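Input: a single structure, listed below in structure tokens.
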Amino acid sequence: MAVAVAGVLVAAGAVTYSVAEDGATDTAPPAADSADAGFARDMAVHHQQAVEMSYIVRDRTADEDVRRLAYDIAQTQANQRGMLLGWLDLWGLPKVSSDGPMTWMGMGGTTDGEDGALMPGMATDTELTKLGTLDGRQAEVLYLQLMTDHHKGGIHMAEACVAKCTVKVEKRLAQGMVEAQQSEIDLMTDMLKARGAKP
């Protein structure tokens with residue numbers, strides 16, 4: 001376990017160093033209103049909710065497949081969130097912006113943030129509260145449905161970074177998110193079908 005954790009930390013450090021190097025040798029650090037900074041800020045917020053949902057469902061079901069998926073999503077997205085926020089620190093940029101979410105991708109004002117859903121695909125506060133009251137199959141189904149929508153919103157944002165971001169390692173991370181989250185959507189669709197539910 002210690003070796004695995006150390007490996008993750010070394011990998012995260014290497015990626016962070018690579019981003020710093022990108023900024024130092026290829027181009028100047030991104031501007032505060034750049035796609036690179038906007039993606040880092042917005043995806044950090046988006047990921048935080050996925051982590052929260054995943055830990056909620058792990059306490060609401062004994063199903064090993066759902067618990068394993070939730071754990072994997074929580075760990076992956078918490079690590080990626082740390083990288084995104086670390087890059088903002090390296091670039092000397094604020095972690096919040098007065099611009100609305102997704103402004104960097106030409107979609108500012110897409111959502112009004114009502115009931116806590118700051119970006120497309122994000123669960124509302126009401127949905128998160130409901131998830132915390134369910135158990136067993138009901139909790140599994142709602143989690144899988146909410147996370148499917150969440151991943152779809154995340155993929156849309158990551159695809160925009162692939163198209164608009166300039167820091168090469170950030171573009172690679174975004175492309176990796178697209179591929180991994182689409183794979184998880186396919187898995188969750190099968191898991192929902194096995195439970196007699198739809199995405």
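Under the condition of being in a loop (DSSP other than H, G, I, E, B) and closer than 20 Å to ARG68 by Cβ, which residue from the range 166-199 is least open to solvent (accessible area, probe 1.4 Å)?
Checked the range 166-199; the qualifying residue least open to solvent (accessible area, probe 1.4 Å) is ALA197.
How many residues does the range 25-60 contain that are basic (Lys, Arg), over 19 Å from VAL96 (Cβ atoms) and under 20 Å from the mean Cα position of the chain (by Cα)?
Adding up the residues that qualify gives 1.
For residues that are surrounded by 19 or more Cβ atoms within 10 Å (Cβ to Cβ) and modelled with pLDDT under 95, tally how many sit in the range 59-77.
Counting residues in the range 59-77 that are surrounded by 19 or more Cβ atoms within 10 Å (Cβ to Cβ) and modelled with pLDDT under 95 gives 0.
Within the range 78-106, count every residue that is farther than 14 Å from MET43 by Cβ, open to solvent by 40 Å² or more (accessible area, probe 1.4 Å) and outside any helix (DSSP H, G or I).
The qualifying residues number 5.
Could you please find all residues in the range 99-122 being under 18 Å from the mean Cα position of the chain (by Cα), of a type in the set (Val, Ile, Thr) and at pLDDT below 85?
THR111, the sole residue that qualifies.
State all residues of the range 28-42 that are crowded, with 22+ Cβ neighbours inside 10 Å and in a loop (DSSP other than H, G, I, E, B); if no residue qualifies, say none.
The one that is crowded, with 22+ Cβ neighbours inside 10 Å and in a loop (DSSP other than H, G, I, E, B): PRO30.
Is it the case, given these coordinates, that ALA163 is surrounded by 14 or more Cβ atoms within 10 Å (Cβ to Cβ) and either of a type outside the set (Val, Ile, Thr) or part of a loop (DSSP other than H, G, I, E, B) (or both)? Give the steps one after another, and end with the answer.
On the way: surrounded by 14 or more Cβ atoms within 10 Å (Cβ to Cβ): no; either of a type outside the set (Val, Ile, Thr) or part of a loop (DSSP other than H, G, I, E, B) (or both): yes.
No; evaluated as a whole, the condition is false for this residue.
The values are calculated or read from the model by the stated rules, or taken from the named source; none is laboratory data. Because the structure is predicted, anything quoted here is derived from the model rather than measured. Positions of Cβ are backbone-derived with ideal geometry, glycine not excepted, and every protein chain shown enters the neighbour counts. Areas reflect the complete protein model, heavy atoms only, side chains present, ligands, DNA and RNA absent. Shrake-Rupley method; radii C 1.70, N 1.55, O 1.52, S 1.80 Å.
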